[in-house]
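Report on the structure given below.
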Amino acid sequence: MPGLCGTLSQRERDLIFMRLNEKQTKYVHTQLKGLKQRIFEEKLDNWQLIDFLDAGPFWRREPWFYCECGKAIRYQYIIRNKETGEVKKIGMSHIQMHTGITPEQAREFRRAIMEIYDELGELLWKFNTGWSLEDEGIQHIPTDLEVPEYIQETLDLGLPLSYLQLCILKVMIYNHQSGRVSRIFGEERLKKVF
Ligand SMILES: [Zn+2]
């Protein structure tokens with residue numbers, strides 16, 4: 001078992017991934033795709049990510065996707081050149097070769113992608129250890145608290161919240177409770193004044 005979250009190997013990630021139900025899998029894949037699209041947006045000027053496909057853990061035995069050059073790949077990135085409209089299907093390790101970006105850009109790009117997998121590792125690690133809100137010190141969410149949709153969706157799917165989502169939720173609960181307290185104290189003060 002890995003000592004730290006975010007340090008899961010591909011194989012460890014796959015094993016946990018297989019335990020997710022269909023809705024959870026779809027959600028995680030959609031999140032991954034969104035994060036990768038944002039990285040394309042931020043790091044590359046000319047290329048945008050149209051789709052991101054995963055051939056699954058048995059891709060070597062049963063190749064499903066290929067890079068432009070014919071190499072079998074697990075993750076296929078379908079990208080479009082914003083200026084020419086040209087569409088390419090590539091593997092991440094060949095991004096420089098097939099897009100003409102600089103080695104520096106490619107390095108920076110891959111580093112950003114790896115960070116996403118650290119976040120995914122965190123989510124899967126928590127899922128694997130039976131994560132719960134109680135473990136994070138949240139006994140219950142006040143029923144009249146308006147939880148942001150993206151946090152509620154994660155909870156409804158039975159998936160762990162990310163560190164950031166958790167911080168946001170904790171602050172919201174804290175503000176909600178202290179708001180109620182200050183309202184009560186406010187009323188008490190008014191009673192004394194009148
Ligand atoms: Zn290639």
Inset, instruction - Give the residues of the range 116-132 that are assigned to a loop (DSSP other than H, G, I, E, B) and touching a residue at least 12 places away in the same chain (Cβ under 8 Å), sorted by residue number. - result: TRP131
Legend entry - Residue satisfying all of: in the range 59-75; in contact (Cβ under 8 Å) with a residue 24 or more places away in the chain and near the ligand (Cβ under 7 Å from one of its atoms); nearest to ARG11 (Cα to Cα) among these: CYS67
Inset, instruction - Please name all residue pairs, on different chains or six or more residues apart, with Cβ atoms under 9 Å, provided the first residue is in the range 147-173 and is touching a residue at least 40 places away in the same chain (Cβ under 8 Å) and surrounded by 15 or more Cβ atoms within 10 Å (Cβ to Cβ) and the second residue is in a loop (DSSP other than H, G, I, E, B) and of a type in the set (Phe, Trp, Tyr). - result: LEU159/TRP131
Inset, instruction - Determine, yes or no, whether GLU187 is of a type outside the set (S, T, N, Q), at pLDDT below 95 and surrounded by 12 or more Cβ atoms within 10 Å (Cβ to Cβ). - result: no
Legend entry - Among the residues listed as GLY56, GLY91, the single one being on the phi > 0 side of the Ramachandran plot and either more than 16 Å from the ligand (Cβ to nearest atom) or touching a residue at least 12 places away in the same chain (Cβ under 8 Å) (or both): GLY56
Inset, instruction - Output the residue which, of all residues in the range 94-108 that are β-branched (Val, Ile, Thr) and within 10 Å of TRP47 (Cβ to Cβ), is farthest from the ligand (Cβ to nearest atom). - result: ILE101
Legend entry - Residues of the range 80-123 classified as touching a helix residue (DSSP H, G or I) at 6+ places or on another chain (Cβ under 7 Å) and modelled with pLDDT of 95 or more, total: 2
Inset, instruction - Check off (1) under 21 Å from the mean Cα position of the chain (by Cα); (2) closer than 23 Å to GLN37 by Cα for ILE168 and give me the number that stays unchecked. - result: (2)
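The values are calculated or read from the model by the stated rules, or taken from the named source; none is laboratory data. All values derive from a computational prediction rather than experimental measurement. Quick reminder, even Gly has a Cβ in these numbers, built from the backbone with ideal geometry, and neighbours come from all protein chains shown.
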